[in-house]
Amino acid sequence: MPQGSLDYLKSELAGLEEAGLAIHPRVLEGEQRARARFDGRDVINLASNNYLGLAAHPRLKEAAARAAREYGAGSGAVRTIAGTMTLHAELERRFAEFKGAEAAIMFQSGFTANSGTVAAILSREDVIVSDELNHASIIDGARLSRAEIRVFPHKDARAADRLLEETRADGRRQLLITDGVFSMDGDIAPLPDLVEVAERHGAIMMIDDAHASGVLGKGGKGTVSHFGVEGRGDIQVGTLSKAIGALGGFIAGPAHLIEWLVNRGRPFLFSTSTPPAVAAACLAALDVLEEEPERIDTLWERTRFFKDGLHALGFDTGASETPITPVIAGEERKAQDLSRMLWDEGVFTPPIVFPTVPKGRSRVRAIITAEHTPADLEEALGAFERVGGALGLI
Ligand SMILES: *Cc1c(COP(=O)(O)O)cnc(C)c1O
């Protein structure tokens, strides 16, 4: 075995440790729930994206178990060779319907849906106009496409307008792309302004609704529904990994886009398709969403309860408009301390620090779910009060 060729990683890691930026994932024992056990400790879990409490819902578990018994554990092939199962086809039909789109295609994750799609629809001559806080999977897709990447200040539709104007050229395709809900701040993209700008320039409009599917809009249909701009915007991305409770990513749009992605979406072509248990769980989740829309109301009720509580205590939740609730601590160390002391009090809220968020805006991020009871949230607020007081944040 060669010696020493990877030694530089040791000093890189030491640097991360020193800066307090090294990641050591906590280990979940048991199910992903509002109260859960991580690293041997029972905590109020404000760290998951399990917005509607579907990850451990009995109907999803039963559907997954039944599908595994009936169809096996794995799909055994990529979609384009022999790995397209009836469950995948059914899920794509259902998701297109859910999003009000002509067609939909499933990827193995939201990450591959984004990166695979952006890379497949643009090439070197084209341009991508992207919000500065867009998700890493959009950035990776933009790089893979080799198109020119122009970044506009967060939520600034006029800046996006100027960039589209500046980069206009004959035969050049332009893509305007935004997250629907931004994962670190929990704010919502100004979609009506952005679609208007895209339409004016004849640009492709793509919306990544990873944190909005199942959360925003009628029946959880996403940002497009939230703003009532149905039928505008060319491409909607959804994830099945967050509110839907399982795993997977989706692109919804016109049939010719979906057909193109079957031919050119590299994760679709070159990576094995979703196991039947996962696809079946997603189908069951769509059923639950349809039959129990009150879960979304509960999610928003609990979100309001928790945020009102934080504000009454004097905490700053930044620009949040959704269940994603940043609690601003300021300096990097302060956010680390806040997170650690909350953990010691039995509340799990991960720290989010530079470079994920700007220097001086470090925070812990709490995500509320429909499964958190008012008693859970009261208890968490009590911990926030004690720790926030001790740290001089309130
Ligand atoms: C989580 C997330 C993704 C990735 O989705 P996965 O299904 O977890 O791969 C993509 N975009 C945004 C904005 C996200 O927050």
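Assuming a viscosity of 1.567 mPa s and a temperature of 4 °C, what translational diffusion coefficient in µm² per second does Stokes-Einstein assign to segment 197-288, Rh being the Kirkwood radius over Cα pairs?
90
Give the shape of segment 139-191 as rounded, prolate or oblate, defined through the alpha-carbon gyration tensor: a ≥ b ≥ c are the square roots of its eigenvalues, a/c under 1.5 means rounded, and otherwise the shape is prolate if a/b is larger than b/c and oblate if not. Judged from the Cα gyration tensor, segment 139-191 comes out oblate (a/c at least 1.5, b/c at or above a/b).
Modelled spin-label separation between L144 and R35, with each label point placed 7 Å from Cα along the Cα-to-Cβ direction: 4.2 nm. Considering only S362, V224, L289, and ranking their Cα positions along the charge dipole of segment 224-370 that arises from unit charges at the beta-carbon of Lys, Arg, Asp and Glu, the one farthest toward the positive end is S362.
The H on the amide N of G217, modeled in the peptide plane, is under 5 Å from the matching H of G222, H226, each at least 5 residues off or on a different chain. For K359, the lysines whose Cα comes closer than 30 Å to its Cα, not counting residues fewer than 8 places off in the same chain, are K10, K155, K242, K307, K334.
Counting every alpha-carbon pair across segment 58-291, the share separated by more than 30 Å comes to 21%. Peptides 61-69, 230-238 ranked from most to least packed by the mean count of surrounding Cβ atoms within 10 Å: 230-238, 61-69. Working from label points 7 Å from Cα in the Cα-to-Cβ sense, the K359 to D7 distance is 3.2 nm.
Here the Karplus relation 6.51 cos²θ - 1.76 cosθ + 1.60, evaluated at θ = phi - 60°, turns the backbone of segment 303-319 into coupling constants of 4, 4, 4, 5, 5, 4, x, 4, 5, 4, 6, x, 7, 9, 9, x, 9 Hz, with x for every Gly and Pro. Within the shell defined by Cβ-Cβ distances under 13 Å, the residues around L289 carry a net charge of 0, with Lys and Arg each +1 and Asp and Glu each -1. The string of couplings for segment 217-230 from the Karplus curve (6.51, -1.76, 1.60, θ = phi - 60°) is x, 5, x, x, 6, x, 5, 4, 6, 3, 8, x, 10, 3 Hz, one whole number per residue in order, with x for Gly and Pro. Working from label points 7 Å from Cα in the Cα-to-Cβ sense, the R69 to E125 distance is 5.7 nm. For the pair R162 and K218, the difference between a 0.36 nm per residue extended length and the Cα-Cα distance amounts to 16.9 nm.
The distance linking segment 338-393 with segment 1-37 is 21 Å (Cα centroid to Cα centroid, whole angstrom).
Scale the Cα Rg of the chain by the rule-of-thumb value 2.2 N^0.38 Å and send over the ratio, two decimals.
Dividing the Cα Rg of the chain by 2.2 N^0.38 Å gives 1.01.
What the phi angles of segment 22-33 give under the Karplus curve with 6.51, -1.76 and 1.60, with θ = phi - 60°, is a coupling list of 6, 9, 10, x, 6, 10, 7, 10, x, 7, 7, 9 Hz, glycine and proline written as x.
Would you work out if segment 1-153 is rounded, prolate or oblate? Take a ≥ b ≥ c from the square roots of the eigenvalues of the alpha-carbon gyration tensor; rounded if a/c is under 1.5, else prolate when a/b is larger than b/c, oblate otherwise. It comes out oblate by the Cα gyration axes.
Quick one: if the Förster radius is 35 Å, what FRET efficiency do D170 and T80 give, using the C-beta to C-beta distance and rounding to 0.05? Calculated value: 0.55. Between V27 and R333, full extension at 0.36 nm per residue minus the direct alpha carbon distance yields a gain of 107.9 nm. Between F270 and E62, the contour length at 0.36 nm per residue exceeds the alpha carbon distance by 71.9 nm. Taking the DSSP beta bridges with both ends in the chain, the antiparallel portion is around 55 percent. Each listed q (0.20, 0.23 Å⁻¹) maps to a log10 I(q)/I(0) for segment 330-380, found by the Debye formula over equal Cα scatterers with no solvent: -0.69, -0.82. Count Lys and Arg as plus one, Asp and Glu as minus one, and take only other residues whose Cβ is under 10 Å from that of H24; the net charge is then -1. Under a 5 Å amide H cut-off, with hydrogens placed 1.01 Å from N, L52 pairs with A370 among residues at least 5 apart or on other chains.
Read-outs throughout are calculated quantities, based only on the coordinates presented, and are distinct from any laboratory measurement. Keep in mind the model is a prediction, meaning the values are calculated, not measured. Every residue, glycine among them, receives a Cβ derived from its backbone with ideal geometry; neighbour counts consider all protein chains shown.
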